[in-house]
Amino acid sequence: PPPVEKFEYQAEVSRLLDLIVNSLYSNKEVFLRALISNASDALDKLRYLSVTDPELSKDAADLDIRIYADKENGVITLTDSGIGMTRQELVDCLGTIAQSGTAKFLKALKDNKDAGGDNNLIGQFGVGFYSAFLVADRVTVSTKSPKSDKQYVWESEADSRSYTIKEETDPQLIIPRGTRITLHLKRDEKGFADPERIQKLEKGYTKEVEVDDDPAESRKDDQDDQTERKKKTKKVVERYWDWELTNETQPIWLRNSKEVTTEEYNEFYRKTFNEYLDPLASSHFTTEGEVEFKSILYVPPVSPMGKDDVVNQKTKNIRLYVKRVFISDDFDGELFPRYLSFIKGVVDSHDLPLNVSREILQESRIVRIMKKRLVKKAFDMILGISLSENREDYEKFWDNFGKHLKLGCIEDRENHKRLAPLLRFFSSQSENDMISLDEYVENMKAEHKAIYYIASDSVTSAKNAPFPEKLMEKELEVLYLVEPIDEVAIQSLKSYKDKDFIDISKEDLDLSKYKNEEKEAAVKKEFGQTCDWIKKRLGDKVASVQISSRLSSSPCVLVSGKFGWSANMERLMKAQAG
Ligand code: ADP
């Protein structure tokens with residue numbers, strides 16, 4: 001038999017293992033993610049190095065990851081045909097902690113202990129390979145690097161401070177290249193060795209992995225003849241990691257955007273989100289620097305919740321990956337503010353740990369920066385639609401998601417500059433086609449200093465309201481705010497391009513520019529007493545009765561006080577109270 005060499009773990013690894021074994025960590029299933037991610041990295045490395053050195057991949061063409069779950073014996077085996085490890089790499093990678101993520105974890109752990117805390121720290125940091133010991137009391141890693149002509153076996157037990165390395169000699173276990181990790185599950189964790197359970201776990205964060213319920217059988221299959229194999233594989237659940245099989249099928253977001261066609265983006269959208277309509281727009285980008293991630297975002301063609309439901313509860317619209325491994329699609333404002341929750345897409349981060357949890361997402365600085373960039377890209381994409389030659393596209397967008405953006409005006413002050421140009425309203429000069437605030441401003445006359453609006457429940461009633469008469473006479477455009485949310489949205493913006501929004505139904509509408517002083521003095525003289533008399537008759541029902549310069553043909557108008565609710569708001573409040 002070959003010599004078995006024994007090695008002591010680096011002190012940090014021992015501490016880490018102690019902690020993993022002894023902590024009552026509730027999220028044990030993260031081990032699968034970590035191991036699949038390592039395997040996936042190993043395939044990536046091989047692929048990458050093979051570009052310059054095709055010799056490396058000559059021994060086995062297929063790049064795949066397979067998982068075998070042996071229910072009877074409580075053993076899980078995970079095989080990849082990736083880069084593998086040499087003997088020295090086994091010592092360096094699995095006996096010491098060189099990796100910054102794990103080192104950070106240990107530091108945080110120390111700080112946390114010093115502070116007397118006992119948080120669920122494993123949940124916050126990837127402990128990678130060692131998370132195997134969350135569920136296994138013995139782990140065997142048999143690995144063959146193309147750089148070495150020997151295959152080595154690393155083995156360790158959960159509660160030991162050492163591991164062993166020996167040469168692999170069992171001919172049944174020799175592989176052309178890659179790594180096989182065998183987890184001998186703890187007595188209480190044997191339930192993980194269930195193909196169905198593994199499949200369910202893996203399904204969330206990877207594409208098809210082969211799950212096999214009998215490793216011995218499958219090994220035999222490989223050596224037996226084809227007919228025998230076919231018979232045997234009947235009871236084997238055959239699933240492959242389809243995007244790992246070849247270069248061409250790598251995830252679309254990792255490809256160069258110049259090489260992806262619109263049809264491919266649309267197809268990915270339809271497949272990923274189970275849609276049958278194409279998106280209105282898409283945006284594929286990479287960010288580098290402080291945080292690194294790749295993303296494809298989409299504007300859906302219709303609002304799934306119905307146009308009137310702006311306050312989408314949680315959606316499953318954003319799929320977060322960490323280094324290609326699916327992490328979650330269960331977000332609640334972490335990556336997009338609520339009002340942009342209609343945006344769909346995938347985000348693949350390089351900086352987050354694999355077992356990132358909801359709490360981390362909420363607190364992480366990285367996530368905050370990601371959110372900022374994602375929001376900016378989403379706005380660019382929407383602006384793109386609005387600038388498109390095809391006006392119908394934006395009309396469609398506005399029809400579906402206009403309310404969301406108005407909600408944004410109320411909730412997201414920081415993005416007012418991006419939101420305002422996207423708004424659309426009917427106006428006294430444009431009753432059938434909505435206009436943008438930019439169009440309004442462009443049409444403004446020299447003496448026209450503010451953006452006038454009136455809130456009502458329809459274009460017709462806005463048009464027939466007595467308020468705008470004077471303005472219409474002067475041909476000053478008035479925006480018609482006909483949706484309940486409009487008024488609050490506009491009031492949140494306060495101004496656009498240095499022009500204040502002014503509610504023409506309010507008392508202090510200043511039309512002094514258009515005043516005729518002499519005429520007014522005469523009117524005042526003539527009707528002053530009439531006003532007093534009306535006020536006396538109406539008593540507390542009105543605050544005051546005044547002579548107004550805003551009317552031209554109607555005899556009188558009821559207006560709200562400067563600081564009071566507008567009539568429209570009162571109507572809304574009443575409707576809600578009722
Ligand atoms: P991380 O993956 O964060 O680097 P791990 O503790 O999970 O940390 O793994 C340590 C190292 O062991 C990896 O960086 C890699 O070099 C090596 N390794 C782990 N699993 C595999 C594998 N399946 N194939 C090749 N190398 C591996």
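What the table shows:
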item: Qualifying positions in the stretch 15-34 - at pLDDT below 85, assigned to a helix (DSSP H, G or I) and surrounded by 13 or more Cβ atoms within 10 Å (Cβ to Cβ); result: R15, L16, L17, D18, L19, I20, V21, V30, R33, A34
item: Residues located in the stretch 371-393, provided they are over 24 Å from T286 (Cβ atoms) and part of a helix (DSSP H, G or I); result: S386, R391, E392, D393
item: For F285: the one exception among (1) modelled with pLDDT of 90 or more; (2) part of a helix (DSSP H, G or I); result: (2)
item: Of residues in the stretch 64-104 being near the ligand (Cβ under 10 Å from one of its atoms) and more than 26 Å from R177 (Cα to Cα), the one modelled with the lowest pLDDT; result: S100
item: Boolean, E477 is surrounded by 21 or more Cβ atoms within 10 Å (Cβ to Cβ) and either within 23 Å of K506 (Cα to Cα) or free of Cβ contacts under 8 Å to residues at least 40 places away in the same chain (or both); result: yes
item: Hey, S37 in a helix (DSSP H, G or I) and surrounded by 21 or more Cβ atoms within 10 Å (Cβ to Cβ) or not; result: yes
item: Any chance R47 is surrounded by 20 or more Cβ atoms within 10 Å (Cβ to Cβ), basic (K, R) and within 16 Å of the ligand (Cβ to nearest atom); result: no
item: Subset of the stretch 501-524 (residues that are modelled with pLDDT of 75 or more and assigned to a strand (DSSP E or B)); result: F501, I502, D503
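Residue-wise test of (1) over 25 Å from Q199 (Cβ atoms); (2) of a type in the set (D, E); (3) without any contact (Cβ under 8 Å) to a residue 60 or more places away in the chain; (4) within 12 Å of the ligand (Cβ to nearest atom).
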residue: A11; (1), (2), (3), (4): yes, no, yes, no
residue: E29; (1), (2), (3), (4): no, yes, no, no
residue: N38; (1), (2), (3), (4): no, no, no, yes
residue: T52; (1), (2), (3), (4): yes, no, yes, no
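The values are calculated or read from the model by the stated rules, or taken from the named source; none is laboratory data. Note that the coordinates shown come from a computational prediction; the quantities given were computed from them, not determined experimentally. Positions of Cβ are backbone-derived with ideal geometry, glycine not excepted, and every protein chain shown enters the neighbour counts.
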